[in-house]
2 protein chains.
Amino acid sequence: MKKLIAAISGLVLGALASTVIFADFNGNNNNNKNQSSTASNAQKVYVPFGQKDEYYLFASGGHSGQMFIYGVPSMRHIRTIPVFSPDSATGHGWDKHSRELMGEYNWGDLHHPAFSEKGGEYDGKYMFATDVANNRAAVMDLKTFTVKDILEVPNTGGPHCAAFVTENTEYMFLPTRFAVPFGHDYATLDEYKTKYKGVMSAVTFNEAKQKLNVAYQVALPPWSFDLSDAGKKTSKDWAVMTTYNTELATTEQEINASQKDRDYIVLFNWKELEKMVAAGKYDTVNGQKMIDPAKHRGGIYLVPTAKSPHGVDVTPDGKRFIAAGKLAPAMTVFSFEKAFKAIKDKKFAGEQEGIPILDYESIMEREVNPENALGPLHTQFDDKGFAYTTMFISSEIVKWNVDSGETVDRVPVQYSPGHAVAAEGDTVSPDGKYIIALNKIAKDSYLSVGPSHPESMQLIDLTGKKMEIIQSVPVNPEPHYAQIIKANKVKPIVVYDKDTKRPNSIWNQKDAHISRSGNTVEVNGIAMRSKFIFDAKAERKDVISVKEGDKVVIHLTNIDLDQDITHGFGINSYNLNMEVQPGQTQTIEFTAKKAGTYPLYCTNFCSALHQEMSGYLLVEPKG
Amino acid sequence: MKKLIAAISGLVLGALASTVIFADFNGNNNNNKNQSSTASNAQKVYVPFGQKDEYYLFASGGHSGQMFIYGVPSMRHIRTIPVFSPDSATGHGWDKHSRELMGEYNWGDLHHPAFSEKGGEYDGKYMFATDVANNRAAVMDLKTFTVKDILEVPNTGGPHCAAFVTENTEYMFLPTRFAVPFGHDYATLDEYKTKYKGVMSAVTFNEAKQKLNVAYQVALPPWSFDLSDAGKKTSKDWAVMTTYNTELATTEQEINASQKDRDYIVLFNWKELEKMVAAGKYDTVNGQKMIDPAKHRGGIYLVPTAKSPHGVDVTPDGKRFIAAGKLAPAMTVFSFEKAFKAIKDKKFAGEQEGIPILDYESIMEREVNPENALGPLHTQFDDKGFAYTTMFISSEIVKWNVDSGETVDRVPVQYSPGHAVAAEGDTVSPDGKYIIALNKIAKDSYLSVGPSHPESMQLIDLTGKKMEIIQSVPVNPEPHYAQIIKANKVKPIVVYDKDTKRPNSIWNQKDAHISRSGNTVEVNGIAMRSKFIFDAKAERKDVISVKEGDKVVIHLTNIDLDQDITHGFGINSYNLNMEVQPGQTQTIEFTAKKAGTYPLYCTNFCSALHQEMSGYLLVEPKG
C-alpha cells in the first residue's frame, strides 16, 4: 500500500511540475447542454425582483482582506464587507474605531470564514475570519455586517487553518502555516529545528464585551499546519488539523516538504488543554499562556496520513474525520471512536517531539481512491451520508459514500477547485441542496479582464439524480473558503437605535456645535437629508474653520432614521472619507496639515439634493 | 411658462424635503409577472458556461475609488479594477509604479467613466475616469485592465462632470463641482464671489508616452458644474455642461442654490479655446494656462435652462442637447444648429461674468414634460430616435421621442435611478438593445447586509414592444455612471511579453541575484510555479537576508508565461503585498524597520503546490 501511494504521488508531482491538467469533459458539463436543460438551469438560478435568495454565501476574499457576500441560488454579488483592509466606500480604516482596530496594517489575507454556532448549527449571529498575512482574527456582527473586533495573535506566523469554531463557539483555533521563532525573533534558518515553532492559538469571543481574546497557545513542532475542523457531537471536545513539512525543510518546500510518504493529522482535545491552563500547566511566552505538549501530555496526538494533506473534515455526525491527500490520490477516512479507544488504551506507534503517534491501521477505516481522481483537497457533506471532495488536479467534484467509500457521481468543474462549500455544510445538519465549487483558475470562462483573471464559483444542484452545474460566476481574488447559511437565520438591523446616551451623538439640529481646547477642535455635527450641520449657531452651519496644525476631531451623527439613507463625509484633497449609517455616530480624527480652502461633501448618494449636501473646511494659515 | 415651472418646482422641493416617493407599480414590473414571463426573462440573462456575455459594463465605483466590471446580459460581476484606491488583492498602491501614481492619496471618488473614442465610436483601447475627492484623472489600458497614469489637476475642486471624451479622444473635460480659490488658497466664504472660481480643465492623453496632461484651463464663475457631454458629428468641436448654484450660495445649498428658476448650460467650443492657447491668450496660474473668458471671448456661451439641471446629453446625431431638469419636471431639448446661428448672429440675451447668454426661446426646441414624471436626471439613446430619461423622484425610466417629445413608454425601477446607461449609449450609434438603470436606493430589494445597503442595477430589454426589466442586481457603492461596450471591441492580452530588455526583469533562474549598495539591498528575483528564487547562488534561494534599517528593493518577474498563472508576493507582519501577472516584472520598496523572522509567500493561488511557495525575510537586528 505504502509503495503504491508513493508511486502515484510521484506521478502526481510530475504532473504538477509541468502544469495543471483538466478532467475530460463529459455529458455532465453545461457546455454540451441541450436547449431545454439550459432553460431549466436558467430558471433554477433566477430570482425575480420581489423575491429573495434562499441563502447567503460568505466567501473569504483572500489577499483582498475582505469578505464577499453573495446570494444563492442567484449567485449575485450583494456586497463586499471590509474586514482587514481599508475600504473608502464605507470608511472602514478611516473612522476612529476601525482605524484603531486595523492597527499598523493596511491589508490582510482573509482565509477561512466561520459562522458562530450553537449546538453545531450556524446561529446567524457572528462571522469569524483570520488573516494569514498579519496573524489576526476578526469578528463581524451579522446584525450590522460590520467588524466588531480584530485581534493580533502574538507568537504566530500566519493562521492558515483557521477559523473553525467549536460546536457552541467556545473557541476558534488558529494554527500557523509558517513556523517562526516566538515573537518573530530573529533566528537564522540553520536554527530552524530548535528555535522555530508552529503555534496553535485558542481564541475566544466575549460577546458582552464584543472582544476577541487569546485563551492559550500550544507550542508545536515547526511544521506547517494547513486546514482544520472542529469535532461535532461525540467528538465535540476535539479538533483536527493537517500538517505538511514534517520534513522541516527550510528552503524549496515544493520539493523538500514533499519527501515523506506520510504527514500527520493533529488531533487535540481542547477540554484537556483547558484543564491544563486551569492547572497552571503552561509557560508564559510574550504574555501568552503557552502549553508545551511534550511537558504536559494528554491533550495532543498525531495521526499519520498520506503526504501533504490539505483538508481534514469532520462528518456531520461527528464520528469520522476525512483527510484529503493533495499529493496522494486518496481520501482517508478515520474513526474518532477508534482514535479515542487507542488513546484510552495508550496504543501508540511511537512519538514525535514528545507527542504520541496513533497507529494508522488501527484508526483508519478506509482509503478512498476514485479512479483517475487527482489532488483531493477538501470534503463537504450533504444530508444523506454522502461526501463531496474537490479534486484540484483532475478539476472535478467527486461524490462518494462515506460508509462504503463507493464513488457515486462526478462532475467536472472549470477549473481547479480549492474548496467546495455545501449549504449549511459545516453544521451537524447540512441541507443537501447545493454545493459550490470554489475554482482557483477561471482561464477563459468569462470575458477577459486582462492577464489577471477572476476566480470562478460554480453552483451545483444536488437535488437531481446527478450533480449538475447550474451557474458559473466570476469572483474577485480570492475565495479560499466560504460558508453558506440559510437566509432566515440572519437578522440584520435596518437602522441604528436613536441612542440619546451614546457619547458624542447629537440628535437635535440646534445642539450641533464646535468647541476648541488648545490646538484641538472638536466638532459634534449632524448629517441629514440634505445638509451637514456642524455649528447650529454659526452664520454658515456647514463650515468647519480651523487653524493650520490643529488636531480636528469630528463626531458625525446621521439623524435620518430611514432604511438605506446612509450619508458619506469626504473632504476634498484631504484624503479623508467615512460613511455614517442611519442612526450611527462615527468619529474621524486628523491634523489640518495643509492651509487652504477644502470643500467637504456627502459622498454616499442620499437624496435628490445629495449633490447640494456640501460645505467647506477652511484651514487658516499659520502666523 | 416660467411661472408654471416655478410652481411645479415648489412642489418638487416639498416632496424632496420629506422623503423620496416612488412610482406606482403596474403591469410593467417583474413583481407581478406570470410564470412564463419570468422563465423567459431568466433565459434572456442566462449565459451558460462555454458562452460569454455580449457586452462589458464599466461602472464607476464612486467613493470606493474603483471601477466595477460586469458582463451584460448576465449582470455577473467579473472584476473590480483598482484605480484611485489601493487594493491589496492586486497590489495596486503597493508596487512602486502604482504607489507613485497614487501620490499622497489612499482613496478616490470615481465618478464618470468614459471609453476612448474614434469617430464617435468606442474604440476599446482606453478607459478614462475622474476623482471628485482629490481632483484627479486616470487612464486605464484595456489591454491589461490596469491604470497607466493618474494626473492631479491643479486649481480644481472636484471634477464631477467629467469625464466625457471628444469624438476622437482629443480631450476630456474636467469642470469642477466645488468652487475654490486658485491653488486651494485660503479665503473666507465672504470672499466667495471674488476669490472662488469654477475651473474647466482640458486634459489630453499622450498614447505614446502613456501620460495624461492638462492642456489648458478656463476660469469660470464660482458655480457648481454638474454633468457634461461632448458634441458629436456637426457639433463635434463643442461640449456642454450643466450648472447649479448660479446663486453663489455659500451655505445650505439645498435651499440657497435652488432659488433661481433658471441655471445654465455652458456651451463651449474647444477648437476656439485651443486657438486662444496657441495665440497666447491665457494667464499662467500655478503653472497652468488659464483662459479668462471675459478677457478672451468667442469660446464660451451660456444657455438658460430650468433650474439645477443634472444631466445634459447630446443626441447620437449631434444635432441636439437635452437638459434634465432635476428640480423642474421637464427635459429641455436644445438645437445646436440654432445655437450656432445665434452665436454667428451675435444674438445674445445679455451676459453674465462677461460670458454671453444665448436667448432661451430662440434655441430651445421643446420642453418635454411627461405626466407625473419627477426628477429627470439623465438621458440615454437608442438606434431608433428614442430618448430614455431617468426620473429620480418618480423612480422610473421614461422613453420618449426626441423629434416629437411624445412619451412612448415608461418602466418603474427600484428605486431612485441616478443615471441610466444604454449599450454603446454615448456613441454616434447606440445599439438599442439594452439600457441599465443605476438605482441609488435598493432598500429591501436583496438579502439585507445591514443598515448600509448596496445600490441596484436593473437591466432593461429594449427589443420588445414595451421596456421590460429582465434582471436586478445589487452593486457595491456606488456607480454614478457607467458605459457599455461591445465585448468584441476589447482585446486584452493574455500574458505580458517576455521582454528581455526590460530593466530589472530576470528570465533565467540562474540569473536571480541579490546585491547590496550601502544600506540598500536590491533583489532581482523570479516567481514561478511553485517557488521564489531570489538568489540563485545561495544555499537557500528563497530567502532574503537584510539588516534592520536597510532599504529593500525587490524586483520580481513572473516567468510563468501561461494564461491565468498570476503569483502574489506577501510578507508576513510587514504590511506588504503585490501581484505579479504572467510575464510581468513588479517592484516593491520598503525599509526593514522591524528586526526578526518574517515568512514570505505567494498570496495568489497558482498551482497545486501554491501552499509550498514560500520563503523568509530575515532581518538581522542592529548592532
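The values are calculated or read from the model by the stated rules, or taken from the named source; none is laboratory data. Since the model is a prediction, treat every value here as computed from it, not as a measurement. For neighbour counting, all protein chains shown are included, and Cβ atoms are generated from backbone atoms with ideal geometry for every residue, glycine included. Quick note on the areas: whole protein, heavy atoms, side chains included, nothing else; ligands and nucleic acids left out. Shrake-Rupley method; radii C 1.70, N 1.55, O 1.52, S 1.80 Å.
One residue alone among A:556, A:600, A:561, A:576 is surrounded by fewer than 18 Cβ atoms within 10 Å (Cβ to Cβ) and under 37 Å from the mean Cα position of the chain (by Cα), and that residue is A:561. Are there any pairs with C-beta distances below 7 angstrom linking a residue in segment A:349-360 that is open to solvent by 40 Å² or more (accessible area, probe 1.4 Å) to a residue that is of a type in the set (Asp, Glu), with the two at least 6 apart or on different chains, and if so which? Pairs found: A:349/A:359.
Checking segment B:41-57 against the condition returns a match, with at least one residue being within 7 Å of another protein chain (Cβ to nearest Cβ), open to solvent by 30 Å² or more (accessible area, probe 1.4 Å) and modelled with pLDDT of 95 or more. Among the residues making up segment A:112-131, a single one is open to solvent by 10 Å² or more (accessible area, probe 1.4 Å) and not in a strand (DSSP E or B): A:119. Residues of segment A:433-460 that are open to solvent by 10 Å² or more (accessible area, probe 1.4 Å) and more than 10 Å from chain B (Cβ to nearest Cβ): A:433, A:434.
Here is the figure for segment B:251-275: residues that are at pLDDT below 95, aliphatic (A, V, I, L, M) and surrounded by 23 or more Cβ atoms within 10 Å (Cβ to Cβ) total 1.
Candidates in segment B:234-250 are the residues that are farther than 25 Å from residue B:122 by Cα and open to solvent by 20 Å² or more (accessible area, probe 1.4 Å); of these, the one that is farthest from the other protein chains (Cβ to nearest Cβ) is B:248.
Residues in segment B:89-111 that are within 11 Å of chain A (Cβ to nearest Cβ) and open to solvent by 10 Å² or more (accessible area, probe 1.4 Å): B:90, B:92, B:94, B:103, B:104, B:106. Would you call residue A:485 within 13 Å of chain B (Cβ to nearest Cβ) and either of a type in the set (A, V, I, L, M, F, W, C) or more than 30 Å from residue A:126 (Cα to Cα) (or both)? In short, yes. Looking across segment A:488-500, just one residue is under 20 Å from the mean Cα position of the chain (by Cα) and more than 11 Å from chain B (Cβ to nearest Cβ), and that is A:489. Scanning segment B:201-220 for residues that are within 17 Å of the chain's Cα centre (by Cα) and under 24 Å from residue A:615 (Cβ atoms) turns up just one, B:201.
If you check residue A:330 against the conditions, is it in contact with a Pro (Cβ under 6 Å, 6 or more places away or on another chain) and surrounded by 20 or more Cβ atoms within 10 Å (Cβ to Cβ)? Criteria not met by residue A:330. Of the listed requirements (1) in contact (Cβ under 8 Å) with a residue 24 or more places away in the chain; (2) charged (D, E, K, R); (3) more than 14 Å from every other protein chain (Cβ to nearest Cβ), residue B:152 misses just one: (3). Take the residues in segment A:570-623 that are among the aromatic types (Phe, Trp, Tyr) and in contact with an Asp or Glu (Cβ under 8 Å, 6 or more places away or on another chain), then tell me which one is farthest from the other protein chains (Cβ to nearest Cβ). Filtering first and then ranking leaves A:616.
In this structure, does residue A:164 turn out to be aromatic (Phe, Trp, Tyr) and more than 10 Å from chain B (Cβ to nearest Cβ)? It is true that residue A:164 is aromatic (Phe, Trp, Tyr) and more than 10 Å from chain B (Cβ to nearest Cβ).
Selection of segment B:603-613 for residues being buried (at least 24 other Cβ atoms within 10 Å of the Cβ) and farther than 19 Å from residue B:89 by Cβ yields B:608, B:612.
For residue B:397, the conditions (1) more than 26 Å from residue B:267 (Cβ to Cβ); (2) open to solvent by less than 10 Å² (accessible area, probe 1.4 Å); (3) assigned to a loop (DSSP other than H, G, I, E, B) all hold with the exception of (3).
Quick one: is residue A:591 under 18 Å from residue A:95 (Cα atoms) and surrounded by fewer than 23 Cβ atoms within 10 Å (Cβ to Cβ)? The answer is yes for residue A:591. So which residues in segment A:403-418 are open to solvent by 10 Å² or more (accessible area, probe 1.4 Å) and under 15 Å from residue B:605 (Cα atoms), if there are any at all? Scanning segment A:403-418 gives a single hit, A:415. When you scan segment A:333-392, how many residues do you find that are in contact with a helix residue (DSSP H, G or I) (Cβ under 6 Å, 6 or more places away or on another chain) and of a type in the set (Phe, Trp, Tyr)? The number of residues fulfilling the criteria is 2. Of everything listed in (1) more than 14 Å from chain B (Cβ to nearest Cβ); (2) within 35 Å of the chain's Cα centre (by Cα), the single unmet condition for residue A:514 is (2). Considering A:231, A:287, A:299, the condition of being away from chain B (no Cβ under 14 Å), out of contact with any strand residue (DSSP E or B) (no Cβ under 6 Å at 6 or more places or on another chain) and either open to solvent by less than 30 Å² (accessible area, probe 1.4 Å) or modelled with pLDDT of 95 or more (or both) is satisfied by A:287 alone. Residue-level analysis places residue B:505 among those that are open to solvent by 10 Å² or more (accessible area, probe 1.4 Å), assigned to a loop (DSSP other than H, G, I, E, B) and of a type in the set (S, T, N, Q). Can you find a residue in segment B:513-525 that is crowded, with 16+ Cβ neighbours inside 10 Å, modelled with pLDDT of 95 or more, touching a Lys or Arg at 6+ places or on another chain (Cβ under 6 Å) and not aromatic (Phe, Trp, Tyr)? Within segment B:513-525, none of the residues are crowded, with 16+ Cβ neighbours inside 10 Å, modelled with pLDDT of 95 or more, touching a Lys or Arg at 6+ places or on another chain (Cβ under 6 Å) and not aromatic (Phe, Trp, Tyr).
Among the residues of segment B:558-581, those that are closer than 26 Å to residue A:160 by Cα and either assigned to a strand (DSSP E or B) or of a type in the set (A, V, I, L, M, F, W, C) (or both) comprise B:558, B:565, B:567, B:568, B:569, B:570, B:571, B:576, B:577, B:578, B:579, B:580. Scanning segment A:260-267 for any residue that is touching a residue at least 24 places away in the same chain (Cβ under 8 Å), within 14 Å of chain B (Cβ to nearest Cβ) and either part of a strand (DSSP E or B) or charged (D, E, K, R) (or both) turns up at least one such residue. For segment A:156-174: of the residues being within 15 Å of the chain's Cα centre (by Cα) and at pLDDT below 95, which is nearest to residue A:310 (Cα to Cα)? Taking the candidates together, the pick is A:161.
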